[in-house]
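Structure, as structure tokens:
The values are calculated or read from the model by the stated rules, or taken from the named source; none is laboratory data. Note that the structure is predicted; figures quoted are calculated from it, not measured. Backbone-built Cβ (ideal geometry, glycine too); neighbour counts: all protein chains shown.
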Amino acid sequence: MEVKSLLRQEVAPFFAQFAMLVAAAIVSDQVLHALDLVWVGRYLGIPGTLLIVLSFLYSLRKRKMITVGSPKALLWLHETLTWAGSLMVLVHAGIHFNAVLPWLAMIFMIINVLSGMVGQRLLHRSRQHLKEKEERYRSHGMSKEEVEREVFWDSVTYDLMAKWRIVHFPISFVFGVVTLGHIVSIFMFWGWK
């Protein structure tokens, strides 16, 4: 009986999806450079940040701080706006090494996006995959101990992924603080003439 591993069926496509975000940012940056529109990338940080901030409507709804909108629709909006905003911020950052604070903000944004993706997509699919795999083994007459032995590494992988909630909020908070620091420093050193 051939059963795909959790790593190959769920984790690898997850990283492929994240790689598409990074690739889209690289291609967009290259297109802007080729069209001599590098200045556009400089200002993409503003709408990108606004989209990310707007995506927090889902978090406010989830914590019952607002009552408007359905959680499912706001979750979809959260994912979409965060992805689009992150793409814009990545293009904004480009490969320019101007200061430490913007790079810290970008690194925390990437970590935040990864932890959010784990929470929404990967964890749900992985739980479902693990359950189906256990049922398939049981349906073939395996004992409880044999099933546990067969799904051990998948269970370990799932348990590690399930801890995403512990880190997602603090990462979001640090990302927000560092981003705010970056924005404040821009206003301080802008060259207002």
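Residues that are among the hydroxyl-bearing types (S, T, Y) and either over 26 Å from A19 (Cα atoms) or exposed (fewer than 14 other Cβ atoms within 10 Å of the Cβ) (or both): does the range 169-185 have at least one? Steps first, please.
The initial filter retains those residues of the range 169-185 that are among the hydroxyl-bearing types (S, T, Y), namely 172, 179, 185.
Those left that are additionally either over 26 Å from A19 (Cα atoms) or exposed (fewer than 14 other Cβ atoms within 10 Å of the Cβ) (or both): 185.
Scanning the range 169-185, I find at least one residue that is among the hydroxyl-bearing types (S, T, Y) and either over 26 Å from A19 (Cα atoms) or exposed (fewer than 14 other Cβ atoms within 10 Å of the Cβ) (or both), so the answer is yes.
For residues that are within 20 Å of the chain's Cα centre (by Cα) and crowded, with 20+ Cβ neighbours inside 10 Å, tally how many sit in the range 116-140.
Start the filter on the range 116-140 by keeping residues that are within 20 Å of the chain's Cα centre (by Cα), which leaves 116-127.
Subsequent filtering for residues that are crowded, with 20+ Cβ neighbours inside 10 Å retains 116-118, 122, 126.
Of the residues in the range 116-140, 5 are within 20 Å of the chain's Cα centre (by Cα) and crowded, with 20+ Cβ neighbours inside 10 Å.
Within the range 1-66, considering only helices (runs of 4 or more DSSP H) that don't extend past its boundaries, which have at least 3 residues that are exposed (fewer than 11 other Cβ atoms within 10 Å of the Cβ)?
Ranges flagged: 12-34.
Hey, can you tell me all the residues within the range 10-27 that are under 24 Å from V40 (Cβ atoms) and β-branched (V, I, T)?
Within the range 10-27, V22, I26, V27 qualify.
Take the conditions in a helix (DSSP H, G or I), surrounded by fewer than 17 Cβ atoms within 10 Å (Cβ to Cβ) and touching a Ser or Thr at 6+ places or on another chain (Cβ under 8 Å) and apply them to L101. Does it pass? Before the answer, list the steps.
Values: in a helix (DSSP H, G or I): yes; surrounded by fewer than 17 Cβ atoms within 10 Å (Cβ to Cβ): yes; touching a Ser or Thr at 6+ places or on another chain (Cβ under 8 Å): yes.
When the stated conditions are applied, L101 passes them.
So is V167 over 25 Å from H78 (Cα atoms) and of a type in the set (V, I, T) or not? Outline the logic, then answer.
Details: over 25 Å from H78 (Cα atoms): no; of a type in the set (V, I, T): yes.
For V167, the condition - over 25 Å from H78 (Cα atoms) and of a type in the set (V, I, T) - is not met.
Can you run down the residue pairs with Cβ atoms below 7 Å, 6 or more apart or on separate chains, where the first is in the range 137-153 and in a helix (DSSP H, G or I) and the partner is β-branched (V, I, T)?
Y137/V147; R138/V147
Restricting the search to the range 81-99, which residues are of a type outside the set (A, V, I, L, M, F, W, C) and under 15 Å from the mean Cα position of the chain (by Cα)?
To start, the set of residues in the range 81-99 that are of a type outside the set (A, V, I, L, M, F, W, C) comprises 82, 85-86, 92, 94, 96, 98.
Result: T82, G85, S86.
Look at the range 149-167 and say how many of its residues are within 23 Å of the chain's Cα centre (by Cα), surrounded by 14 or more Cβ atoms within 10 Å (Cβ to Cβ) and not acidic (D, E).
Within the range 149-167, residues that are within 23 Å of the chain's Cα centre (by Cα), surrounded by 14 or more Cβ atoms within 10 Å (Cβ to Cβ) and not acidic (D, E) number 7.
Among the residues of the range 67-89, which ones are of a type in the set (G, A, S) and either buried (at least 19 other Cβ atoms within 10 Å of the Cβ) or in a loop (DSSP other than H, G, I, E, B) (or both)?
Those that are of a type in the set (G, A, S) and either buried (at least 19 other Cβ atoms within 10 Å of the Cβ) or in a loop (DSSP other than H, G, I, E, B) (or both): G69, S70, G85, S86.
Exactly one condition in (1) within 22 Å of the chain's Cα centre (by Cα); (2) more than 19 Å from R165 (Cα to Cα); (3) at pLDDT 85 or above is not met by P102; state its number.
(3)
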